[in-house]
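Notes for the one structure printed next.
The values are calculated or read from the model by the stated rules, or taken from the named source; none is laboratory data. Quick caveat, the model's predicted, so the values are computed rather than measured. Neighbour counts are summed over all protein chains in view; Cβ atoms, including those assigned to glycine, are modelled from backbone coordinates with ideal geometry.
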Amino acid sequence: MANVERNAVYATGRRKEAVARVWLQPGSGKVTINHRDIDTYFGRATSKMVLRQPLALTSQTANFDVYVNVAGGGLSGQANAIRLGITRALMKVNAGFRGALKSAGYVTRDPRCKERKKYGQRGARARFQFSKR
């Protein structure tokens, strides 16, 4: 990332297939995702709100610039991965934020992911159609 300074704090967030690499550095509150502004990357207001939640909870929205490199999964999974990355980076900046972030449920990584297809079946849970004759 060309814009990131040496004093930036790095953290990784994951959700489903999405992996987000997050850098927090002191600044004015600008969020850049894959070298694009947040408004051009995420169309939905809910995705933008989700990734800003940890910053809003700790009232650090205007204190840090966020640079993100995210890949894999869909936009919703990417937004949740970015949120986890921002949460982990904030805890590196100030360990006192951990209590508030944990009680809000932002510290826990969501372990749910796609279940594998099993042999002898059409999908992960769906069976082939059964016929008696």
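Give the stretch 65-84 a look and list any residue that's small (Gly, Ala, Ser) and either over 13 Å from ARG52 (Cβ atoms) or surrounded by fewer than 16 Cβ atoms within 10 Å (Cβ to Cβ) (or both), or say none.
Step one: of the stretch 65-84, the residues small (Gly, Ala, Ser) are 71-74, 76-77, 79, 81.
Result: ALA71, GLY72, GLY73, GLY74, SER76, GLY77, ALA81.
Against the definition (in contact (Cβ under 8 Å) with a residue 40 or more places away in the chain, farther than 22 Å from ASN34 by Cα and crowded, with 16+ Cβ neighbours inside 10 Å), how does LEU90 come out, yes or no?
On the way: in contact (Cβ under 8 Å) with a residue 40 or more places away in the chain: yes; farther than 22 Å from ASN34 by Cα: no; crowded, with 16+ Cβ neighbours inside 10 Å: yes.
The answer is no for LEU90.
Among the residues of the stretch 12-19, are any among the polar types (S, T, N, Q) and surrounded by 13 or more Cβ atoms within 10 Å (Cβ to Cβ)?
yes
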Selection over the stretch 97-133 where residues are surrounded by fewer than 10 Cβ atoms within 10 Å (Cβ to Cβ) and either hydrophobic (A, V, I, L, M, F, W, C) or part of a helix (DSSP H, G or I) (or both) yields a count of 2
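Is it the case, given these coordinates, that ASN69 is in contact with a His (Cβ under 9 Å, 6 or more places away or on another chain), more than 20 Å from VAL107 (Cβ to Cβ) and at pLDDT 95 or above?
So ASN69 fits the description; yes.
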(1) of a type in the set (A, V, I, L, M, F, W, C); (2) more than 14 Å from GLY13 (Cβ to Cβ); (3) out of contact with any Gly (no Cβ under 6 Å at 6 or more places or on another chain); (4) in contact (Cβ under 8 Å) with a residue 24 or more places away in the chain: which one isn't true of ALA62, the others all being true? (3)
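Which of the residues spanning the stretch 20-68 are aromatic (Phe, Trp, Tyr) and not in a helix (DSSP H, G or I)? If you could, list the steps in order and put the result at the bottom.
Filtering the stretch 20-68 for residues aromatic (Phe, Trp, Tyr) gives 23, 41-42, 64, 67.
Matches in the stretch 20-68: TRP23, PHE42, PHE64, TYR67.
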ALA56 vs (1) of a type outside the set (Phe, Trp, Tyr); (2) buried (at least 16 other Cβ atoms within 10 Å of the Cβ); (3) closer than 20 Å to GLY29 by Cα: all pass except (2)
Filtered residues of the stretch 103-133 (kept if touching a helix residue (DSSP H, G or I) at 6+ places or on another chain (Cβ under 9 Å) and either of a type in the set (Ser, Thr, Tyr) or free of Cβ contacts under 8 Å to residues at least 12 places away in the same chain (or both)): TYR106, THR108
Scanning for something in contact (Cβ under 8 Å) with a residue 40 or more places away in the chain, surrounded by 21 or more Cβ atoms within 10 Å (Cβ to Cβ) and among the hydrophobic types (A, V, I, L, M, F, W, C), does the stretch 24-34 turn up at least one residue? yes
